[in-house]
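The structure appears right after this line, and notes come after that.
The values are calculated or read from the model by the stated rules, or taken from the named source; none is laboratory data. All of these numbers come straight from a predicted model, not from anything done at the bench. Heads up, the Cβs are rebuilt from the backbone with ideal geometry, glycines too, and the neighbour counts pull from every protein chain shown.
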Amino acid sequence: MKKPLTAVVMGSDSDYPVMKEAAEALKKFKVPYEVRILSAHRTPNEVAEFAASARKRGIRVIIAGAGGAAHLPGMIASYTELPVIGVPVPIGVMQGEDALYSIVQMPKGVPVATVAIGNAWNAGILAVQILGAGSDPLLDEIHHYKEKMRSEVLGKKL
C-alpha cells in the first residue's frame, strides 16, 4: 500500500458510518489514506501527537469528523500546519448543527474548512482538490468527475 497522503479521523467508532464516505471518495481517486479514531476529550495527548507528526509522516490533508462538542477538527488544526477539513457528524438532539457551529467558529489564524452536515463524501472530494492543486493528473480526474455529474444532470428528462 502506498504511503497515506490523507488522514480520516473521528472521535468515536460511532462516527464511522458517516466518515467512511470520505474514505470512499479518496479511494475513488486512488488517493492513499489512513483512518484513525482519536478523541479530543478522551485522548487529547494522542490527538496532539497525531496532528503534530502528520506532516513528517507524509500526510498532506486531514479530514476530521466531529459530533457533539465538535472539538476534534479545531484541536487538530491548532497542532498542524496542514489543511484540515471538518465534517459535522449528525448526532444528538441538534443533529450536527451544534458541530457545524463549533467547527466554523474557529479563531483567526486557525482555519478549518467545513462541509455540510454529514457530507464526508464532499470532504474527500475537497481533499482530492487540495492535493490536486499540485498535481495536474488529479485535477484532470476531478474535472472528468464534475463533467460526468454535469452530463448526468443535463441528460435528465421529466
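Restricting V84, V47, V110, V115 to residues that are more than 19 Å from A23 (Cβ to Cβ), buried (at least 16 other Cβ atoms within 10 Å of the Cβ) and of a type in the set (V, I, T) narrows the list to V47. Kindly establish whether M106 is in a loop (DSSP other than H, G, I, E, B) and of a type in the set (A, V, I, L, M, F, W, C). In short, yes. Per the listing A113, A99, A51, A77, the residue uniquely in contact (Cβ under 8 Å) with a residue 24 or more places away in the chain, more than 29 Å from L139 (Cβ to Cβ) and hydrophobic (A, V, I, L, M, F, W, C) is A99. Of the residues contained in the range 87-103, one or more are found to be in contact with a Ser or Thr (Cβ under 9 Å, 6 or more places away or on another chain), outside any loop (DSSP other than H, G, I, E, B) and modelled with pLDDT of 95 or more. The one condition from (1) assigned to a loop (DSSP other than H, G, I, E, B); (2) within 25 Å of E46 (Cβ to Cβ) that K156 does not meet is (2). Number of residues in the range 29-54 that are over 16 Å from I85 (Cβ atoms) and under 15 Å from the mean Cα position of the chain (by Cα) equals 2. What number goes with the only condition from (1) more than 22 Å from A52 (Cα to Cα); (2) assigned to a loop (DSSP other than H, G, I, E, B) that S14 does not pass? Condition (2) is where S14 drops out.
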